[in-house]
1. Kindly provide the set of residues from region A:179-206 that are among the small types (Gly, Ala, Ser) and surrounded by fewer than 14 Cβ atoms within 10 Å (Cβ to Cβ), ordered by number.
2. Output the number of residues of region A:601-614 satisfying the condition of being open to solvent by 10 Å² or more (accessible area, probe 1.4 Å) and out of contact with any Lys or Arg (no Cβ under 9 Å at 6 or more places or on another chain).
3. With A:GLU80, A:GLU135, A:GLU127 as the choices, which residue is under 25 Å from A:GLU180 (Cβ atoms) and open to solvent by 60 Å² or more (accessible area, probe 1.4 Å)?
4. Could you pull out the residue among B:SER75, B:SER65 that is of a type in the set (S, T, N, Q), closer than 20 Å to B:GLU19 by Cβ and part of a loop (DSSP other than H, G, I, E, B)?
5. Give region B:23-34 a look and list any residue that's within 15 Å of A:PHE513 (Cα to Cα), open to solvent by 10 Å² or more (accessible area, probe 1.4 Å) and more than 9 Å from chain A (Cβ to nearest Cβ), or say none.
6. Please go through (1) within 14 Å of chain B (Cβ to nearest Cβ); (2) among the charged types (D, E, K, R); (3) in a loop (DSSP other than H, G, I, E, B) for A:GLU572 and return the number of the only condition it doesn't satisfy.
7. Could you give me the residue pairs with C-beta distances under 9 Å whose first residue belongs to region A:387-416 and is without any contact (Cβ under 8 Å) to a residue 12 or more places away in the chain, whose second residue is aromatic (Phe, Trp, Tyr) wherever it lies, and which are 6+ apart or on separate chains?
8. Could you pull out the residue among A:LEU363, A:LEU354 that is farther than 14 Å from A:SER422 by Cα, open to solvent by less than 40 Å² (accessible area, probe 1.4 Å) and hydrophobic (A, V, I, L, M, F, W, C)?
Amino acid sequence: MMNYATMTKAELLRVIAALQAEIKDPGTDTAAHSTDKRTDKPKKNPTKHEKTVYSHEETLKLAIESTCLGTFDFYPPTGELVWSDEAKHQFGLPSDAAVDYSVFLAGLHPGDRKRIDQIIRKTLRPENKGDYAAEFRTIGIQDGKERWLTARGRASFNEYGRPVRFVGITLDITESKQAESEIERLASFAQLSPNPIIEINSSGQITFCNSAALEVLKKIDSNDKYAFVPPDIKEILTALKNKQLSVCYREIDLQGLIFGMHIHRVPHFQAIRIYATDITAYKHAEMGLKKAYGECELLVMARTTKLASVVHSLQKEIVERKRVEAALISSSDEIQDLYDNAPCGYHSLDKNGLIVRINATELKWLGFTKDEVVGKMKLTDLMPASSIKIFMETFPILKRVGQVHDLEQKLIRKDGTIIPVSLSATAIYDNDGNYVMSRSTAFDISERKEAETALQTEAVERLRAMEQLRQKDRIMMHQSRLAAMGEMLNNIAHQWRQPLNTLGLVIQRLPFFYETEEFNKEFLESSANEAMKLIQHMSRTIDDFRGFFKTDKEMITFQVNHVIKQTISLIEPSFKEEQVSISICSECNPSILGYPNEYSQVLLSILHNAKDAFSGKKPKEAQVSIHSSMEGKIVVVTISDNAGGIAEDIIEKIFDPYFTTKDPDKGTGIGLFIAKNIIENSMKGRLMVRNTGDGAEFRIEV
Amino acid sequence: MVPPDNDSSMVSILYVEDELDAREILSSMISRKYPNTHLYLAENGAKGLEAFEKHRPDIVITDISMPLMDGLRMSSEIKKLNPDTIIVAITAYSDTSYLLNTIETDINHYVLKPLDYRKFFSILDKSIAMIQL
């Protein structure tokens, strides 16, 4: 036999259903048998079939009894209702109580009565196949106890579709119902907790999330439940799993709402529970508190520091006072020593200028003893006439104003020699403001005086040296002038040579023609014109050179190209003689504020230099090119030749005075030095030189 | 004052001078003084050499400082072509110092500027006489 006591409710119901099916199967004589069954007594001589049924019914009865199942058997045609004892018990009735359908209805909980009545009426209609299942409450008719029952049954019908029998079982499920509601009640703790509670499984997925948690998410306008899961949950899970931790605490900030979360592992369910508490207010309070604490701390610190400094200064004061006391004890001797042996002289004069005090140092300087001086000599007794005069002027000032400083005076030693001193004095007055005496210091300034004299001598020396230099400069300038004049003379000679020659030819022609028929007035006039033309040309040449030799008195604005042309006209003949051609190329017509004649002198120096560079190394076509242009505000004139350039070892020296590569009779070596001076000192420009490859290029920037 | 000299009919003269005025005046004087000579003119050394090659004159009168080719170089070229050519140089005083060497070899006579007709013509007279010998 099966052990029904250990069976679950579902298993029992299944068994019951199987039995019912077997009961129904024999079919036709069900009604006949039922009469016998109603008595619950087996027949004396039952058929084999009847025996089987009986045995089944016995089994059923046993099963029913052992599981607290109630049975009901209802005969709709007669209204007869048979309940087992257990069924009666379930309705709060004693075993001997008589029951019918109205008793059944009366025993039902008023809330369930109508529904159950309808279900039963429905079951008894043939179209509904007769299956019955319901769950309802009863109120014990006699004991008034509320019970939960589950009922199963089946109605059978006759050939006319009328219900003839309705049998079934009822089971008291009050306890399981109570347990269910208990579970529900317990679950509501978590669900209805005002604090968010989240459960996650061991793989970190959320398995539970209470309404408070959802409420929070709604508040921050989010639906991500995982917001409650701390970011380091994996580590936490591992730690909790390995029992390194039993509980873990985290704080998270959900858009300004701060939650403190206790994370527990519930090993029984393999779950992690997170109990969150809104600690926003607490956090804010904490922050406020911290701040207040910090401020408080600072205050205390400040007070403490102040106190410490006060203590410190007090201590220092005490030490200082002790030191001063100690010093005072020994000071009077020390002061006397200081007074007497100071490295300067001290003395005091009364209102008449009588020496009333004087220290040993000053006495030593003067060669007197104290007794000879104090109260016996006036300071003026120790002074030469020039110093007495100053003293007479300043002593009244000292008495009136109270001090005089750094008077340079002379004192006469006992041996008659003079010692120069620097005197400073302050006056001492009595309470009524009357002068009592002076307090004077005297410094021996012999060394200073000597140094001053030496300095003066040196200054004179330097002046003389400078004068010599200036003289040298003047000589150099003069030399340069002479050199330039020599050049000019040479140029004039060249300028004049041709016209002089032609003039000679014209004049000599006159006597030559005299006795011929061609010699007439016309011939004479044309000859005179020719001669005058030449003479005027020569005269102009002299004027040009004279103009060049005039020194510019003040700066004027001049056209560079004009000066270039003028300069070239002066030297063209000598260049021609040397077969050096000159070309000018002007990009524009720039003007310079400066000294045009000096500028011309610079050009001449450079041009002469270029011309001389060709002697000895004449290229096929000796050429000097002058190029003028503007670079920004600077006027640039370059003079380049193709004479091979300047040797690299001397190119840096060519502007040095007296530097020359030429024979002594050809160059003084100051032309370029003067040129650089004119451009860079007088006109604040620059004069440079470089090698272009086939020659030298001078560059004048003004 | 200018006696025509018929004996010089065979003589030809080349006068090289870059200065236009001087060339014109002196050439007219030479033509007048020696009407029976052939007078060729050139304005620089290079042109002078060209004219010499063309006309083979007996006497060459030349200035010294001239562009392109100076009188000295021209003279030395001419002497190479015909060592018998008589060369008369007209030179400024300042040129003489460095002329002295070459005067010995290439130049037969020189006259100083400013030119003195009497000296000049006496040299020319002598030169023509030499050629006509």
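1. If we filter region A:179-206 for residues that are among the small types (Gly, Ala, Ser), which is where we start, we get A:179, A:181, A:187-188, A:190, A:193, A:202-204.
Correct list: A:ALA179, A:SER181, A:ALA187, A:SER188, A:SER202, A:SER203, A:GLY204.
2. Restricting attention to region A:601-614, the residues satisfying the condition of being open to solvent by 10 Å² or more (accessible area, probe 1.4 Å) are A:601, A:605, A:608-609, A:611-613.
Subset that is out of contact with any Lys or Arg (no Cβ under 9 Å at 6 or more places or on another chain): A:601, A:605, A:608-609, A:611, A:613.
Residues that pass the stated criteria total 6.
3. Details: A:GLU80 fails: under 25 Å from A:GLU180 (Cβ atoms); A:GLU127 fails: under 25 Å from A:GLU180 (Cβ atoms).
Sole residue among the options that is under 25 Å from A:GLU180 (Cβ atoms) and open to solvent by 60 Å² or more (accessible area, probe 1.4 Å): A:GLU135.
4. Values: B:SER75 fails: part of a loop (DSSP other than H, G, I, E, B).
Result of the check over B:SER75, B:SER65: B:SER65.
5. Residues satisfying the conditions are B:SER27, B:SER31.
6. All conditions pass for A:GLU572, except number (3).
7. Partner pairs satisfying both residue conditions: A:ARG400/A:TYR435.
8. Working: A:LEU354 fails: open to solvent by less than 40 Å² (accessible area, probe 1.4 Å).
It is A:LEU363.
The values are calculated or read from the model by the stated rules, or taken from the named source; none is laboratory data. Every value quoted in this text rests on a predicted model; they were computed, and no experiment measured them. We place every Cβ from the backbone using ideal geometry, glycine too, and count neighbours over all the protein chains shown. Protein only, heavy atoms only, side chains kept; ligands, DNA and RNA dropped before computing areas. Shrake-Rupley method; radii C 1.70, N 1.55, O 1.52, S 1.80 Å.
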